[in-house]
Amino acid sequence: MEKASVSPTNVTLNSVIDAQAKQSDGSARVAMVILDAMVQAKHESVAPTIVSYTSAIDCQAKCSDGDGQAAMRLLQECVAAGLQPNHMTYGCAMNAQVLVFLDPAIDNKRFA
């Protein structure tokens with residue numbers, strides 16, 4: 001983006017995060033790197049919004065390297081940052097929880 005003289009904003013970075021969830025080879029890890037950079041930047045133009053967190057949570061639900069527990073940590077993080085989750089945020093978080101239920105490392109007998 002900078003090579004093209006385009007300054008990143010939270011809108012452009014949100015689009016990159018969202019694209020990770022929509023690609024067949026998308027990466028939750030890449031989404032997290034972008035979100036972490038947005039948080040670290042401490043600049044209002046790239047500050048993460050609820051859309052940023054919702055898109056990152058969606059990546060945790062849809063990407064092959066996604067993690068349902070990471071989705072819940074993101075939900076807690078966005079609330080701690082003073083953002084208000086919406087119906088999309090909660091829906092993505094619930095979808096990510098299916099990963100927790102399907103994870104063979106977790107004793108799912110308690111859900112049966």
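The values are calculated or read from the model by the stated rules, or taken from the named source; none is laboratory data. No experiment lies behind these values; they were computed from the predicted model shown. So basically every Cβ, Gly included, is an ideal-geometry build from the backbone, and we count neighbours across all protein chains shown. The protein model used for the area step is the full one, side chains on, heavy atoms only, and it has no ligands, DNA or RNA in it. Shrake-Rupley method; radii C 1.70, N 1.55, O 1.52, S 1.80 Å.
Among (1) of a type outside the set (Val, Ile, Thr); (2) within 18 Å of GLN97 (Cα to Cα); (3) in contact (Cβ under 8 Å) with a residue 12 or more places away in the chain, which single condition is SER7 missing?
(2)
Only one residue in ALA41, ALA37, ALA80, ALA4 is small (Gly, Ala, Ser) and either surrounded by 14 or more Cβ atoms within 10 Å (Cβ to Cβ) or touching a strand residue (DSSP E or B) at 6+ places or on another chain (Cβ under 8 Å) (or both). Which one?
Details: ALA37 fails: either surrounded by 14 or more Cβ atoms within 10 Å (Cβ to Cβ) or touching a strand residue (DSSP E or B) at 6+ places or on another chain (Cβ under 8 Å) (or both); ALA80 fails: either surrounded by 14 or more Cβ atoms within 10 Å (Cβ to Cβ) or touching a strand residue (DSSP E or B) at 6+ places or on another chain (Cβ under 8 Å) (or both); ALA4 fails: either surrounded by 14 or more Cβ atoms within 10 Å (Cβ to Cβ) or touching a strand residue (DSSP E or B) at 6+ places or on another chain (Cβ under 8 Å) (or both).
After ruling out the rest, the residue left standing is ALA41.
Condition (residue is modelled with pLDDT of 95 or more, among the basic types (Lys, Arg) and either part of a helix (DSSP H, G or I) or open to solvent by 20 Å² or more (accessible area, probe 1.4 Å) (or both)) applied to the stretch 25-33: is it met by at least one residue?
Yes - at least one qualifying residue is present in the stretch 25-33.
Since ASN86 meets every condition but one in (1) modelled with pLDDT of 95 or more; (2) in contact with a Gly (Cβ under 8 Å, 6 or more places away or on another chain); (3) surrounded by fewer than 13 Cβ atoms within 10 Å (Cβ to Cβ), which condition does it not meet?
Only one criterion in (1) modelled with pLDDT of 95 or more; (2) in contact with a Gly (Cβ under 8 Å, 6 or more places away or on another chain); (3) surrounded by fewer than 13 Cβ atoms within 10 Å (Cβ to Cβ) is unmet by ASN86, namely (2).
Looking at the stretch 89-112, which of the residues that are open to solvent by less than 40 Å² (accessible area, probe 1.4 Å) and of a type in the set (Gly, Ala, Ser) is modelled with the lowest pLDDT?
Among those that are open to solvent by less than 40 Å² (accessible area, probe 1.4 Å) and of a type in the set (Gly, Ala, Ser), it is ALA96.
Any residue at all in the stretch 16-23 that is part of a helix (DSSP H, G or I), within 10 Å of the chain's Cα centre (by Cα), farther than 17 Å from THR89 by Cβ and modelled with pLDDT of 95 or more?
no
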